[in-house]
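Before any comments, here is the structure.
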Amino acid sequence: MLKRFILTFLLVSGLASPVLAGPQSTIGGARLETDMAHKVTTGWPSTSYEWWNKGKGKLDWALGSELVYGPWSGAWDDPRIGASIYAPLRFHLWENKREASKTDLGLRFTPGLMAGSAARDTAMVMARAELAVPVSVDVHPKLSVVTGGAIPIDLGWVEGSGFLGAIPLLVRLGVEIKGGSKTAPFILMEVGPGIGFGNGSDVTLAARLWGGVTFWSVRGK
């Protein structure tokens, strides 16, 4: 009985949506559908805004700014307060369409720079080169599951401590939801071991957690 219900549901879904496509994605591996999108995020360790653009070929790119109040990479590089600018570049690598799902694989490279204070009257500057493999799995026209991995490599200088760095190895898990004709709320969690180096080295748990929304221009195609 259950098997028959599932088969019927998949058949109806296929008839209603011959090519299954989930919501617009800025955190997964799928390409942008519009010429431009905006992404607003808040959580741990930061609050950010990103302006996304559909590039040529298989490239999407963005410009972002961030208010940082925790470990920028999820561990070790911990500012009391800081601000960053960064520029994500996302390349679409692979797509697989099935009757009940659609999978997109991407490669994202994000260079960035953060300046702030590690403690009262103590300056810090960090540079980043983050490499990620975002994966989107559209399981419903209104829902995508996001997974993959990310490796933010941070290196910088902290007044009184010298040069420090962090390399977390993060597994990603999140969802994107089609909330309306031009909005897509999302939740994204990244967790894994964080390796710190400089002034001694150690391994600890690294974690980043955000919630936010992607919205796109009324004039977008």
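Here is how the numbers come out for the structure above:
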quantity: Spatial separation of Cα centroids for the stretch 38-66 and the stretch 172-189, in angstrom; calculated: 14
quantity: Net length gained if the chain between V125 and T147 were fully extended (0.36 nm per residue, minus Cα distance); calculated: 4.9 nm
quantity: Peptide ranges 148-154, 24-30 listed from the most packed, as the mean C-beta count within 10 angstrom indicates; calculated: 24-30, 148-154
quantity: Relative packing of peptides 42-52, 113-123 - highest average C-beta neighbours within 10 Å first; calculated: 42-52, 113-123
quantity: Debye, to nearest 20: dipole size of the chain, +1 on Lys, Arg Cβ, -1 on Asp, Glu Cβ; calculated: 1060
quantity: Peptide ranges 167-174, 69-76 listed from the most packed, as the mean C-beta count within 10 angstrom indicates; calculated: 69-76, 167-174
quantity: Cβ-Cβ FRET estimate between W61 and V40, R0 fixed at 22 Å, reported to 0.05; calculated: 0.80
quantity: Lysine pairs within the chain, Cα separation less than 14 Å, 8 or more sequence positions apart or different chains; calculated: 8
quantity: 5 angstrom amide H check on W216, placed H, neighbours 5+ away; calculated: H38
quantity: Cα-based helix-to-principal-axis angle, 2-16 vs the chain, degrees rounded to 10; calculated: 90
quantity: Karplus-derived HN-Hα couplings along the stretch 64-77 (A = 6.51, B = -1.76, C = 1.60, θ = phi - 60°), whole Hz, x at Gly and Pro; calculated: x, 9, 8, 9, 10, 9, x, x, 4, 9, x, 6, 6, 7
quantity: Given (1) 1.05; (2) 1.22; (3) 1.12, the label whose value is Cα Rg over 2.2 N^0.38 Å derived from this model; calculated: (3)
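FYI, it's all coordinate maths here, none of it is from the lab. None of the values given here were measured: they were computed from a predicted structure. All Cβ positions, even for glycine, are placed from backbone atoms using ideal geometry, and neighbour counts span all protein chains on display.
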